[in-house]
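Written out below as structure tokens is the structure these notes cover.
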Amino acid sequence: MSVQTNRTDSLEESEVFHILGNDRRRAIVQLLAEEAGQVDVSEVATEIASTESESPSVPNNLYKSVYVSLQQTHLPQLQEDLVIEYDSDAKTIRSGPNFDDVLTYVDDEPTDRSSTLRLHLALCLVGLLLIAVAGLDGTIGSSLDPVLSSVLVLLIVAASSLYQLLG
């Protein structure tokens, strides 16, 4: 039987931070992000218990403790907040409507953000170079308008930022 909820709104940032304030809930989101489709609760409990015990062989009492806390506390809360869809009969979970909102704060891949920042830095440096060249009294510099160069570079940076925000 799946837990049903009437929640239809997206999560506030404070709610996301409350959800992710617990290591086990954060681990659930990370594990679910790594898997396609649904995940068995027992697999999640085993993985969390293994991490907490810092060894590949998990003590049975720790596994049971993790499994019970997932069933009684963490999975129902994530279900209520629409982060996951939890089937308590089949003991499976899958991502819910608000999963991506939470994953945004968990996902530790800085490559997207850092590559965007590098691109913006490079564009700004090119823009500064164009402005400097346009200010010179040479044949190359006299054909460039510093204002137009600045506007073009800022438009490219703005378009890149918009693409990253919407993508």
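Computed from the coordinates by the stated procedures, all read-outs in this text should not be read as laboratory data. In this text the structure is predicted, and so the values were computed from the model without any measurement. For neighbour counting, all protein chains shown are included, and Cβ atoms are generated from backbone atoms with ideal geometry for every residue, glycine included.
Points worth noting:
- Less than 5 angstrom separates the built amide H of N98 from those of V83, all sequence-distant by 5 or more or on a different chain.
- Here the Karplus relation 6.51 cos²θ - 1.76 cosθ + 1.60, evaluated at θ = phi - 60°, turns the backbone of region 76-84 into coupling constants of x, 5, 5, 5, 4, 8, 6, 7, 10 Hz, with x for every Gly and Pro.
- Modelled FRET efficiency - R0 41 Å, E35 with C124, Cβ distances, 0.05 increments: 0.55
- Label point distance in nm, D23-Y163, each placed 7 Å from Cα along Cα→Cβ: 4.1
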